[in-house]
Amino acid sequence: GAKAAGKDQLVLYDRRLREERLQRTRTVERLRGALADSELLLHYQPLVRLADERFVAVEALIRWQPPGERLVPPDAFIPAAEDSGLIVGIGAWVLRQACADAAPWHQRHGTLLSVNVSPRQLREPDFAAMVRDALAASGLPPQALILEITENVLVDAGAPTELALGHLNALRLAGVRVAVDDFGTGYSSLAYLRDLPIDHVKIDRSFMPDRATGDPRLPLVKAVIDLANGLELGTIAEGVETAEQAVLLRGLGCERAQGWHYARPAPAAEVARLLAAGRRAPVATA
Ligand code: C2E
Ligand code: MG
Ligand code: MG
Ligand code: MG
């Protein structure tokens with residue numbers, strides 16, 4: 001009957017939860033090994049200044065290469081790394097590696113480096129010191145580094161916000177810049193943009209319109225760009241996939257863009273060639 005069926009469902013649900021928990025534990029164990037065995041690597045995605053479409057920055061994006069398996073994207077392991085606290089060690093590795101890779105790019109081309117930072121990392125008392133160490137070890141000047149944080153970092157209920165704020169304030173005094181990543185996807189208020197120690201707003205890719213007229217995302221993306229410009233914050237559009245979108249964003253007063261239209265994330269050697277060329281590879285014509 002219905003009651004028995006309901007009970008079966010509960011048993012199934014319970015089994016699935018246990019299965020998921022086990023899976024998470026396994027991922028964490030394998031990830032711990034991955035960090036120790038150097039199975040983590042960084043790809044970089046170049047960003048352009050929309051005024052002249054030249055590459056001005058790169059974002060470091062982590063990947064995991066288990067031997068003999070497919071490359072694992074960050075969405076498949078960063079959540080487990082955050083839950084387990086492993087992100088602290090992983091994040092420190094990312095900063096060191098990214099600063100080391102980007103130092104010569106900055107020296108040759110003035111390229112800036114963007115690095116993603118998890119909320120969990122900003123709760124570590126020595127976060128700012130760790131960043132300064134990575135900069136000093138690589139020779140990358142603090143002015144060349146942008147830390148990408150998400151909207152929830154500083155407004156999360158119960159989080160020691162003061163510690164995170166202290167880190168960001170100290171690093172900004174040293175010249176490091178801060179960007180709010182995935183802007184528009186969280187629940188924070190507009191006042192947040194005015195009050196927090198930030199320099200750039202990265203507009204989430206879910207706001208990218210695919211038509212120049214009649215797209216319901218148009219007024220939203222325009223409002224965010226106007227707001228950021230009014231507060232004298234830099235603007236970066238994520239997920240720019242077409243020339244039409246690039247033209248549109250430039251017209252709306254957006255400063256920088258990142259997306260497949262310009263370049264996909266790629267290994268350091270490949271990115272070094274793109275940066276030397278200065279702009280995206282010309283589209284082959286028949
Ligand atoms: P994110 O910081 O918002 O990074 C942008 C994501 O959009 C990247 O995905 C990038 O490959 C993708 N992307 C770039 N251009 C386009 C485009 O034109 N179209 C589409 N559809 N996608 C585009 P990826 O590399 O898979 O990274 C996913 C997320 O993982 C990142 O989102 C970031 O939140 C996180 N992540 C990556 N590396 C790190 C890291 O070192 N530390 C931490 N804490 N998180 C990281
Ligand atoms: Mg990012
Ligand atoms: Mg982003
Ligand atoms: Mg995003």
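The values are calculated or read from the model by the stated rules, or taken from the named source; none is laboratory data. Fair warning: this is a prediction, and the values are worked out from it, not measured in the lab. In this analysis, Cβ positions are derived from the backbone assuming ideal geometry, glycine residues included, and neighbour counts consider all displayed protein chains. The accessibility values were calculated without ligands, DNA or RNA, using every heavy atom of the protein model including side chains. Shrake-Rupley method; radii C 1.70, N 1.55, O 1.52, S 1.80 Å.
Within the set of pairs 6+ apart or on separate chains, which have a first residue in the stretch 53-82 that is of a type in the set (Ser, Thr, Tyr), a second that is within 16 Å of ligand 3 (Cβ to nearest atom) and open to solvent by 20 Å² or more (accessible area, probe 1.4 Å), and C-beta atoms under 7 Å apart?
none
For the subset of the stretch 91-101 comprising residues that are within 15 Å of ligand 2 (Cβ to nearest atom) and in contact (Cβ under 8 Å) with a residue 40 or more places away in the chain, which member is most open to solvent (accessible area, probe 1.4 Å)?
Val94
Right, Ile225: touching a Gly at 6+ places or on another chain (Cβ under 7 Å) and more than 25 Å from His109 (Cβ to Cβ) or not? It would help to see each step written out before you state the result.
Values: touching a Gly at 6+ places or on another chain (Cβ under 7 Å): yes; more than 25 Å from His109 (Cβ to Cβ): yes.
Here the answer is yes, as Ile225 does meet what is asked.
Of all the residues that make up the stretch 227-244, how many are away from ligand 1 (no atom under 16 Å from the Cβ) and of a type in the set (Asp, Glu)?
1
Take Asp14 and tell me if it is in a helix (DSSP H, G or I) and within 16 Å of the chain's Cα centre (by Cα).
Spelling it out, it is not the case that Asp14 is in a helix (DSSP H, G or I) and within 16 Å of the chain's Cα centre (by Cα).
Which of (1) surrounded by fewer than 16 Cβ atoms within 10 Å (Cβ to Cβ); (2) touching a residue at least 12 places away in the same chain (Cβ under 8 Å) is the odd one out, the single condition His43 does not satisfy?
(1)
Can you list residue pairs whose Cβ atoms sit under 8 Å apart, with the first residue in the stretch 104-125 being within 13 Å of Glu162 (Cα to Cα) and away from ligand 3 (no atom under 16 Å from the Cβ) and the second being open to solvent by 30 Å² or more (accessible area, probe 1.4 Å) and assigned to a helix (DSSP H, G or I)? Count only pairs 6 or more apart in sequence or on different chains.
Final answer for the pair search is Leu122/Leu163; Arg123/Leu163; Glu124/Val88; Glu124/Met130; Pro125/Leu163.
Would you confirm whether any residue within the stretch 21-35 is within 25 Å of the chain's Cα centre (by Cα), surrounded by fewer than 20 Cβ atoms within 10 Å (Cβ to Cβ) and closer than 21 Å to Cys99 by Cα?
Yes, the stretch 21-35 has at least one match.
Taking the conditions exactly as written (of a type in the set (Gly, Ala, Ser) and either free of Cβ contacts under 8 Å to residues at least 24 places away in the same chain or surrounded by 15 or more Cβ atoms within 10 Å (Cβ to Cβ) (or both)), does Ala212 satisfy them or not?
In short, no.
Considering only the stretch 130-226, give the helices (runs of 4 or more DSSP H) lying wholly within it that have at least 3 residues that are within 16 Å of ligand 1 (Cβ to nearest atom). Reasoning before the result, please.
Working: elements: 152-155, 161-173, 191-195.
In the stretch 130-226, 152-155, 161-173 are the helices (runs of 4 or more DSSP H) which contain 3 or more residues that are within 16 Å of ligand 1 (Cβ to nearest atom).
Restricting to the stretch 231-276, what's the tally of residues that are in contact with a strand residue (DSSP E or B) (Cβ under 8 Å, 6 or more places away or on another chain), surrounded by fewer than 14 Cβ atoms within 10 Å (Cβ to Cβ) and not in a strand (DSSP E or B)?
Residues in the stretch 231-276 being in contact with a strand residue (DSSP E or B) (Cβ under 8 Å, 6 or more places away or on another chain), surrounded by fewer than 14 Cβ atoms within 10 Å (Cβ to Cβ) and not in a strand (DSSP E or B): 2 in total.
Open to solvent by 60 Å² or more (accessible area, probe 1.4 Å), within 15 Å of ligand 2 (Cβ to nearest atom) and of a type in the set (D, E, K, R): is that true of Asp75 in this structure?
yes
When only residues in the stretch 128-158 that are farther than 18 Å from Arg108 by Cβ and of a type in the set (S, T, N, Q) count, which is modelled with the highest pLDDT?
Out of the qualifying residues, it is Thr150.
Does Ala136 count as within 27 Å of Trp93 (Cβ to Cβ) and free of Cβ contacts under 8 Å to residues at least 24 places away in the same chain?
Against the criterion (within 27 Å of Trp93 (Cβ to Cβ) and free of Cβ contacts under 8 Å to residues at least 24 places away in the same chain), Ala136 qualifies.
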